[in-house]
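See structure below.
The values are calculated or read from the model by the stated rules, or taken from the named source; none is laboratory data. This one's a predicted model, so the numbers in the text were calculated from it and none came from an experiment. Cβ coordinates were reconstructed from backbone atoms using ideal geometry, including for glycine residues, and neighbour counts include every protein chain displayed. To get the accessible areas, we keep the full protein, side chains included, count just its heavy atoms, and leave off ligands, DNA and RNA. Shrake-Rupley method; radii C 1.70, N 1.55, O 1.52, S 1.80 Å.
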Amino acid sequence: MTFWWRKRREFRAELDSHVQMATQDRTERGEDPARARQHARRDLGNEALIRETTRDQWGFRWLESLLQDLRFGFRTLRKSPGFTLVAVLTLALGIGSVTLIFSAVYGVILNTFPFRDADQVTSFDIQDLSRPTNYRESLSMPEFLYFREHSQAFQDFSGEYGGFGTSPVRYTTGKSTYQFDADFVSVNSFRFFGVEPLLGRLPTPEDVRSGATPVFVMGAKLWRGEFNGDPKILGKSFTLNGVPTTLVGIMPQRFRWAWVDVWVPFSVEPAVALTNPDLKNRFLYTVGRLKPGVILSAAAADLNRVAHQYAKIAPADYPKRFTVSCSSLADRVTGGFKRLMYPLLVAVLMLLLIACSNIANLLLSRATVREREIAIRASLGASPSRLVRQLLVESMLLATAGGLMGCLFAWVGIKGVVPLVPYNLFPQEAVIALNGPVLGAALIVALFSTLLCGIAPAVYAARADIRTQLAGNARASGFRHGKLRSALVIAEVSLAIVLTVGAGLMMRTFWNIKNLNLGFDPGNVLSAQLSFPQTGGQQQTREQEEQEVQKENIASRKVLDGLGSLPGVLAVALVSNPPLYGDFGSPIDIPGRSHSQHWKTLIDLCSERYFGLLRLRLLNGRVFSQGDVDLARPVTVISRAFANRYFGSANPIGQSVHFVLLDQVPKWKGALFQIVGVVSDVRNDDPRNAPAPEAYLPYTIGGPDGTTLLVRSLLPPASLIPTIRERAWHIDSNIALVNPQTLPSVLKRDVFSSPHFEFVILATFAAIALALLMAGIFSVMAYTISLRTHEIGIRIALGARPEGILRMVLGKGIRLAAVGIVIGVAACFATMKFLRAFLFGVRPTDPITFVTVSILIVVAALLACWIPARRAMRVDPIVALRHE
């Protein structure tokens, strides 16, 4: 504004100077001063024209014109608050939905990790060419050191073992024993990832040299959750697994490498690593950081060269024919999330198209109403480009307001959607939130919406015949635009059909999975991992290991008895893996029964009360007794699927089974387990799959460490957690209860979350699409009725009954909906096959879903047409005949 005021003052001063000099010249020639000034101003010419010409020379005329268009657009939209509100809300729903999904795409797929130059961090695996499904991603310690030394395409390598809860560390306080998920990482990993600590420092090579005090770093989540964010714990010594270890740093919230809370460094100096008995035989999951400019294919070739060199040193570690493949770490870990997002991306684009079609329809109707105004502006000299620009500016104002409100909707949506996202589908480092790139994408979508919504109405308005518009004949242009508006409504119906059918199929899928008979009762059951202290592992003798297992078995029996006596507790049991969590499998042999196929079964280790706790039905024989479990007798209870597949109609009770997997345990090598009972099947893998054969063995044959504790109670299970933790502490202070939670909540998070997420998102989009569809049909029909008021008046004057007018209006709406339904159903048949992988218990072409959705669309169309139809029935012939 200062620039414009300065220019105007300079311009005014210059004009005044010219007038003064001309007046002075005329006065010196003898003219009267008043007449001299009057003649001087006349000789100067039209001041307004000079001002316009001069301002054009400044080069900012376009900016001033744009500001004028903006001010005029604001005034115009303010005069039509109803239209403005509907248009802004429609765009906000479309843009907000796109912004919500893009925030998930950006946070999980495009900005997965907080690492420095995260696109350089690369995952690789060694694949057996003769068996493509056979591959490994881990390197032995000597192999890791060799790769690190001889690779030319990578800056460095990071190695770790024990992540994802496989190597917990234990921390004991005066009240209880806690277990933290830990990851043991090569000391160079912290600089490798390029993430600075929130507090403290990172471990250094000096911290892992012989004789140095062990150190570790802690994640911000654990620091805030268990230690209330107290900075004074830095430098404190924690006894982790019996070893005093100093806390030197707190990592930021987004650093969650290997999904753990604690990171313990180890040395990668060959002189240290290869002489440490606990390190030299470790296998490390390895990732590399590419050198700048190196592409994945070149990195794979480099690793392939190094691997074939090392295969000559350790040929037993490699297949005869193998290759090394590379991918970015982000691509490797987000594959499941990408598959989940594909249908949602398509759905949200459809929703945006519906919103834009709706806005285009509204703008077409509005442009027709304003044709007289536009014609007057054109007759006064406004060029077609100026008219188009004015209308596009108004569209831009709508899109900007819609974009801002859409970002607000997206923010609210993120708060509601993020808890529904399946827990295991993306890394914990990823964050779904509104940020600069997401807001920038929302701005681009808003600009795209401006062009998509406004260009057609603007061009139609600018190209209309001025004489017709000045004559006030809105019907001619209105009917001319009617086909386009009808086409937009048909497009909206078609897109809404596709969205709603997808939501219907996902609803039926979720319903089928949610109501699937799992074979067990998870209600009122608490689940927690039972963990015993680790005491040496590889350095123990076989006798020491057996003694340790015996101590753990005695302690676990005390836990079972102690917790079982708590008030409100009905049953307590131990199991290696709860149902639906993939028990380990084993090949089997059954003496006396020959077979040519590969026989196998799932194995579950459990205590005697496991069957009653989950309410499995005993079909034959008996379940375990306490003596079977305490004495680790070689007995087994099998599932009905096991009995049917391997025994047919024969009675399996008393038969024996050899579990080949147990041959790895010297005590059970070649052992035969007698079948003592048959129980009902449970869903022991993906609930979508039929129950696989399963055998239950006493948990004491392998020891209780790492097993799951199940508690069924009369009370709400979550309310028992403090009591159970305290009782376990009094029974044995070395025992830790890890991650206690109700079994229904575990199943909801890990089993039902994916179909639930897809259903909720698609159902929300479908509901928005139906609302926009109803608004679109209503606006078209209301506008059509306003154009046909004269015609309707004539019909009524000639004897047409109101019911006939009603049928005429509803018939037009139904015809539009019918055409849209036909096109939409055809589109569904072409696209629903892509949903096949997400469906369960329902076909992509399910007729019930298609018929239900079609009826829903027809009902929505009838409701949208009802108010305009009622208005048409009540038209006064006298008023209508005077219309226009």
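Using R₀ = 45 Å, calculate the FRET efficiency as 1/(1 + (r/R₀)^6) where r is the Cβ-Cβ separation of Trp411 and Asn281; round to 0.05.
On the way: r = 51 Å, r/R0 = 1.13.
Calculated value: 0.35.
How much net charge surrounds Asp125 when only the other residues with a Cβ under 11 Å from the Cβ of Asp125 are counted, with Lys and Arg +1 and Asp and Glu -1? Write out the running numbers ahead of the final one.
On the way: positive: Arg136, Arg332; negative: Asp128, Glu137.
Its environment carries a net charge of 0.
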Loop-resident sites, the range 594-624, for chymotrypsin sites (Phe, Trp or Tyr not before Pro), counting at most 15 other Cβ within 10 Å (DSSP)
none
How high is the FRET efficiency from Trp511 to Lys833, r the C-beta distance, R0 25 Å, rounded to 0.05?
0.75
Just for the chain, what percent of DSSP beta bridges are antiparallel, to the closest 5?
80 percent
Taking each pair of distinct Cα atoms in the range 151-252 once, what is the resulting Kirkwood hydrodynamic radius in Å?
14.7 Å
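Taking the Cβ of Val678 as the centre, find all other residues whose Cβ is under 15 Å away and add up their charges (Lys, Arg: +1; Asp, Glu: -1).
Overall, the nearby charge balance is +1.
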Taking 0.36 nm per residue of separation and subtracting the Cα-Cα distance, what length does fully extending Arg593 through Asn651 add?
19.6 nm
With a/c under 1.5 counting as rounded, go ahead and sort the range 648-703 into rounded, prolate or oblate using the C-alpha gyration tensor (a ≥ b ≥ c being the square roots of the eigenvalues; past the cut-off, prolate if a/b is larger than b/c, else oblate).
oblate
By the gyration tensor of its Cα atoms, with a ≥ b ≥ c the square roots of the eigenvalues, what is the shape of the range 755-837: rounded for a/c under 1.5, prolate for a/b over b/c, or oblate?
prolate
Solvent-accessible area per residue, Å², over the chain with all protein chains present [probe radius 1.4 Å]:
47 Å²
Gain in span if fully extended, Glu269 to Asp128, counting 0.36 nm per residue against the direct Cα distance
47.8 nm
In whole angstrom, how far apart do the alpha carbon centroids of the range 205-260 and the range 828-849 sit?
50 Å
The rounded separation in angstrom of the Cα centers of the range 703-756 and the range 399-450 is 35 Å
Long pairs among Lys558/Lys667; Lys221/Lys338; Lys232/Lys291, criterion Cα-Cα beyond 28 Å:
Lys232/Lys291
Using helices alone, what [θ] at 222 nm do you get for the chain, with -39,500 (n - 2.57) per DSSP H run of 4 or more residues, divided over all residues and rounded to the nearest 500?
-17500 deg cm²/dmol
Report the label-to-label distance for Glu226 and Arg78 in nanometres (one decimal), using points 7 Å from each Cα along the Cα→Cβ vector.
6.0 nm
Can you give me the distance in nm between label points at Glu14 and Ser297, each placed 7 Å from the Cα along the Cα-to-Cβ direction?
6.2 nm
I'm spelling it out carefully: the read-out is Cα Rg over 2.2 N^0.38 Å, the candidates are (i) 1.17; (ii) 1.31; (iii) 0.97, and one was derived from this structure. Which label?
(ii)
Roughly how many whole Å is it from the C-alpha centroid of the range 549-608 to that of the range 613-689?
10 Å
